[in-house]
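First up is the structure itself, then whatever we jot down about it.
The values are calculated or read from the model by the stated rules, or taken from the named source; none is laboratory data. Only a predicted model underlies this, so the values are computations on that prediction, with no experimental measurement involved. Cβ coordinates were reconstructed from backbone atoms using ideal geometry, including for glycine residues, and neighbour counts include every protein chain displayed.
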Amino acid sequence: MRVALKVDVDTHQGLGQGVPRLMRALTDEGVTATFFVAMGPDNSGRAIVRVLKNPGFIAKMRRTGAVSMYGWRTVLSGTILPARPIALAYPQVIRALAQAGFELGVHGHDHVRWQDRLDAIGETGVRAELAEAFEAFRAVTGEPARAFAAPGWRTSAAALRALDAIGVDYHSDTRGRAPYRCAIGGEIFTTPEIPTTLPTMDEVIGGPGLTERDAVVRYYLDRFIGGELNVHTIHAETEGMGELDTFVAIVRALKERRARFLQLREVAAELDRGALPVCDVRRDTLDGRAGWISAQGDARGHAAAALSA
Ligand SMILES: [Zn+2]
C-alpha cells in the first residue's frame, strides 16, 4: 500500500501552531509528507461568515466546533479584525519543513478569495492570485514552487491553463481515484493531476457513529486501498491541532499494515504524461463539505490518443 499525505495549510494559526506539531509527529513516526501552504492573507473569518449565512451549515459549525477548533482570532480574521499574513508571518516554519526533507508546494494566495470567487475573478484574477503566491513562495524558500494544490479543491479551465503556463510538475486540485490529465469543455491540459482519494477528517468527524477516535481510525483503515496509491489530505488546522492523536493513531495503524509513505513529487516523477488517462473535471458535492468541489470524471481515453484525435 502506498500512502501520500498531503497537508493543506489554510490559516495563520495552522502554519504557526499546527505545522510545527505535525512536523514533530511525522518526524517521530518516521513518515514523510507534502505540505501545501496558502501564501497570502488569512481571510478565514470571511469563510466562516459565509458558512453562517447558510442556515444548512450552522449545524456543521456546531458539530465541528469551529470556534474551539480555530479560536476567535482566526474566526474573525479578515472581518472585524485585519487579515494576518500566513507564509510571510512564519517563513522560519516553512524553511524548517524544507530542511527536514518535507516537500513544499503552493496552496494559493488568498485561500478564501479563490474558494469563494474563482469564477468571478476571471482569468486575470486567477493569474494574479497564482503570480502572488508563486512569488511569495520563491521569496520564502529561495526556490521556484514545483507543485500546486487548489484551495477548497476548486479549479477551472482558467486555473488549469495558468498552471500549464507556469509549468509546475503536477497539481493536486481535485477529488478522484488515480492520477490523470484534466479536460474541461473539450480543452485538454498538460500538467498531471494527482487527486485526493480519501475524505478529509473535517468531512468525516461528527457523521453518524463517527464521534469516537477508534471509530474514526477504523473508518479510515477501511478506506485505504492495498496495492493502490492513496492520497490523503490532512489539515494543519485539524490533524495538526485538536485531532493530532487521532491522526497519529491512523499513521501507526498504516505502518503496522506496512504502508509505504511517499511524497507527491515522487508520485509525479513516476508518471508518464502521455500514458495518463484524460478525464473530464466536473463539479460535484461531498457529504460534510459546503458547496462544490472539482472531481475526476469519466476517462476519455489515454492522453496520447486524445491529443491526436
Ligand atoms: Zn485549503
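Sub-6 Å Cβ pairs linking a first residue in the stretch 176-203 that is surrounded by fewer than 19 Cβ atoms within 10 Å (Cβ to Cβ) to a second residue that is modelled with pLDDT under 95, at least 6 apart or interchain, are Ile188/Ala306; Glu203/Gly288; Glu203/Arg289, ordered by first then second residue. Checked against the criteria, Ala59 counts as at pLDDT below 70 and out of contact with any Ser or Thr (no Cβ under 7 Å at 6 or more places or on another chain).
Among the residues of the stretch 11-44, those that are assigned to a helix (DSSP H, G or I), among the small types (Gly, Ala, Ser) and either within 15 Å of the ligand (Cβ to nearest atom) or within 12 Å of Leu244 (Cβ to Cβ) (or both) comprise Gly14, Gly18, Ala25, Ser44.
In the stretch 227-246, the residues that are free of Cβ contacts under 8 Å to residues at least 60 places away in the same chain form Cβ pairs under 6 Å with partners that are assigned to a helix (DSSP H, G or I) and within 15 Å of the ligand (Cβ to nearest atom), at six or more places apart or across chains, as follows: Glu243/Met201.
Among the residues of the stretch 204-219, those identified as of a type outside the set (A, V, I, L, M) and either surrounded by 19 or more Cβ atoms within 10 Å (Cβ to Cβ) or free of Cβ contacts under 8 Å to residues at least 60 places away in the same chain (or both) are Pro208, Gly209, Thr211, Glu212, Arg213, Asp214, Arg218, Tyr219.
Could you go through the stretch 99-121 and let me know if any residue there is at positive phi, within 15 Å of the ligand (Cβ to nearest atom) and buried (at least 19 other Cβ atoms within 10 Å of the Cβ). Checked against the condition, which is being at positive phi, within 15 Å of the ligand (Cβ to nearest atom) and buried (at least 19 other Cβ atoms within 10 Å of the Cβ), the stretch 99-121 yields at least one hit. Cβ-Cβ contacts under 6 Å between residues 6 or more apart (or on different chains), taken from a first residue in the stretch 26-47 that is within 15 Å of Val3 (Cβ to Cβ) and modelled with pLDDT of 95 or more to a second residue that is within 14 Å of the ligand (Cβ to nearest atom) and among the aliphatic types (A, V, I, L, M), are listed as Ala33/Val7.
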